[in-house]
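So the structure is just underneath, and the comments pick up after that.
Nothing in this text is a laboratory measurement; each read-out follows from the coordinates by a stated rule. All values reported here derive from a predicted model rather than from experimental measurement. Every residue, glycine among them, receives a Cβ derived from its backbone with ideal geometry; neighbour counts consider all protein chains shown.
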Amino acid sequence: MYKRAVLWLAPLLALTLYTHLVGLNRGSSDFVPVGRQQSTAFYNFHPDEETLIRAALDFTDPLAPPLTAYGTLSLYLLKFALIGHAPVDLDTPQDAALIFTKARALSALISFSSLILLWCIGCRWWTPQPTALAVLLFAMSPLAIQQAHFYTVDGLFTLCSLATLYTILRATGSNTWHRYALVGLLIGCTGAVRLNGLLLGFILLLGHFTHTRDLLSNKFAPFKLPALAALIAILSLVAWQPYLVSNPDLIWRADSHADFAFSFGIARGTALQTWTLIDVHTLPYVHYLTTLLPQAVGWPLTLATLAGLLHIAWRGDREPRLLLLWVVLCFLIVGGLHTKPIRYLFPLLPFLMLFFADLCYKLQPRLGLVLAVVVALSTTAYGLAFAHIYTSEDSRIQAARWLAEHAPANAVIGLEKGAFTLHKLIDGTRSGDLNILTLFYTGPYMLCGQRADYLHQRTQRFEHIALIDVNRYRQFTAVPERYPVAASFYHQLTAGSLGYEQVARFKHYPVLFGIDYHDDHAEPSFLGYDHPTVLVFARRDNFDPAFAQWQRRIAQDPHCPDRALRNIADALNNNDLPRARRLVEDHLAISPTSQPIAQLLAAETYHRLDLPKLAEQARNTYTRPLVTSLRNSPTLHRIPAASAASLVELGLPDLALAMLAEGASESVFYPLGAMSDMADSYIAVAQRLLTNQHLDHMERVLELSTQLYEKPAAYNTLARSAYFYENYTRARAMWQRSLSLDPTQKNIRQALNQLTTETVP
């Protein structure tokens, strides 16, 4: 038996060794951005991997772990593997490369261990041949190969669930308390990786009570063994994560992405993020089966595994039924979430492979053999092609190298923020932030014309723009009805209609024997971790007229409400209140949530019509989610200014001032840096008020900005306004305050010196 097992496992392990170990040090490079005093560099592009590594290196207090989004078992395991390293080691390229390689080697070891456990589970049913098929398919699936190359919780969760289920299959039907104790220990460990691992307790209960008749004659009562397992599971979970008892508030805290509650909100869709926009129009459950599973394993294996799953469900054997229940429970949880990353499928893959192997084993021998060979060959080819990605330099490094060689030395390169960006690869003196993320936070609160103006201001200083297709492009273009300007901007940029021309493209496809597996439309994270597309654009002489033409076109976009909002504002400014009410109610009936500014206009309309209940309802519809967002995320401080700027453009400065005052009242929740940025945004609104000749409103806005954070620019503008109205005493006071904040302002000092006492009335 053992000889046959070795005979079947040896070639599988040899093949797996290559696909899972090749390129574990990927990211080490001889490319160093200009200006950095080093000979080598290390680049990593998997945000979860870096988060876990940094958390493990910082992990010193089990009662207050650096992150709770994932369980602490993954941190303990990684910290053990990184003994001797400190967080500062990540600042050195050589040390960072060593740390990441160690973490990835641990991930590869976890992957190998999962294959062994899958073999053990399969051999409980069949001979080595069908078991070897299941192991081969799992090992060669592209998703498994990718997971082996990065340290994430998904691989460890899969390993723990396999170990737990194998132990459950051995424990149920027996009367041995130590096996149930071991099951409880493993359930606690699985829950300490991800809390949904505690659902394995239901699998244990089902397996246990299917053997109740056998257990009734035993001295142990039917409930004692599962109770023992439950007790040990709880103790095991608390041992790994004592903060669940000592400080349970950490679970409900939602201050950052590292917190469980925050991450759970993102997964459910209650806290929409840029990287979750891609999932807005996807169907729960269906998207996994029709799109993500084929990307993870290929279409042949997808159809084969689904057929195997139906076969197992129809047969109804006890042990396969337990595994099927686990697959169904996991899928019911992750499939219904708003966020649908492909990696959520990974813990299900080994069991799907077993189900297909069982189908092949039960079919007519020749038919089963043909089916097994076809699926095995196609999956192996896809896996080997995918492994080839790790033999080449990352496309982002290649793009940065090209820019260093071809972009002029004084050229400013526009980059995007985000997990998969080029920021690490471009020297800060040569790069600028496109900062399109502002449109994500403030977009619904701004007129489309304002958003287009903002993009023009950002892009006009960039000689080149480097775009990662899965970083922002795919997200915004997925929801043009919510972000019409951002979606149109990316479409027109890539089409060459904005005065930029594509001059370079970098992409690595899975390739085998010269045949490429084109996966440009795969799930963004699946591409972004190791093989995204990088597009480089160069600005041409027709930039300004091309951009102006686009700005005129965007005003006609059916998703832009500018024309409707201007009509409502015109009716208000002309005091045509019945018309204003009709227009605003018609607009909200068509688009009740996409344009919050319309709620403000509705509130103002109802207020002037002396309809206080309707006015309060409309205003609360705008302010309640805004205030909640402002208090939970100081990064949203730009929203009041964005709304106010739109209201100024609509000719409603009083309403704009009210919004700014309300935003300023929430500033007590902000850190100092956010208040400084907020003051800058208020000053920008004041400049817009000045342009529109609303001088009194301008002064009040500037006074609000100084309450937030004192800026010389605010005092200088107040001084010039006072001087214009011949209030020289106030002008002198404002300039003096400005100089106290920044004594280097020679022009202001000169103006102050010219303001003598004789000039004061």
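Annotations for the structure displayed:
- Note on the chain: with charges restricted to the Cβ of Lys and Arg (+1) and Asp and Glu (-1), its dipole about the Cα centre is near 1860 debye.
- Inter-part distance where the range 647-722 and the range 459-490 are each reduced to a Cα centre, Å: 29 Å
- Counting only residues at least eight positions apart within a chain, or on another chain, the aspartates and glutamates with an alpha carbon under 19 Å from that of K507 are E393, D394, E405, E416, D469, D516, D519, D520, E523, D530.
- Applying the Karplus relation 6.51 cos²θ - 1.76 cosθ + 1.60 with θ = phi - 60° to the range 365-375 yields 3J(HN,Hα) values of x, 5, 5, x, 5, 4, 4, 5, 5, 4, 5 Hz, where x marks Gly and Pro.
- Think of the chain as having a plus end and a minus end, set by charges on the Cβ of Lys, Arg, Asp and Glu; of L354, L137, P712, L354 sits farthest toward the positive end of this dipole.
- Helix 577-590 vs. the chain, principal-axis angle (Cα, 0 to 90°, nearest 10): 20 degrees
- Dipole of the range 562-759 computed with +1 at Lys/Arg Cβ and -1 at Asp/Glu Cβ about the Cα centre; of A664, P596, T744, farthest Cα towards the positive end is T744.
- Shape category assigned to the range 1-94 from the gyration tensor of Cα positions, a/c cut at 1.5: oblate
- Proxy reagent accessibility, fewest Cβ within 10 Å first, across H423, H607: H423, H607
- Think of it this way: in the chain, C120, C123, C160, C189, C330, C360 stand alone, with no other Cys Cβ under 4.7 Å.
- Amide H contacts of G432 (H built 1.01 Å from N, under 5 Å, at least 5 apart or other chain): I413, G414, L415
- Charged-residue dipole, Cβ positions (Lys, Arg, Asp, Glu), the range 418-549 about Cα centre, Debye nearest 20: 280 debye
- Table column - 3J(HN,Hα) (Hz), the range 557-566, Karplus curve with 6.51, -1.76, 1.60, x for Gly and Pro: 4, x, 7, 8, x, 3, 4, 5, 5, 5
- Anisotropy class of the chain from Cα gyration tensor, a/c 1.5 cut: prolate
- Ordering T190, T16 by the number of other Cβ atoms within 10 Å of each residue's own Cβ, fewest first, gives T16, T190.
- A simple rule links phi to the HN-Hα coupling: the Karplus curve 6.51 cos²θ - 1.76 cosθ + 1.60 with θ = phi - 60°, which for the range 696-704 gives 4, 5, 4, 5, 5, 5, 5, 5, 4 Hz, with x for Gly and Pro.
- Rounded to the nearest 20 debye, the dipole size of the range 562-759 about its Cα centre is 200 debye, using +1 on the Cβ of Lys and Arg and -1 on the Cβ of Asp and Glu.
- Residue order, fewest to most beta carbons within 10 Å, for I333, I515, I748: I515, I333, I748
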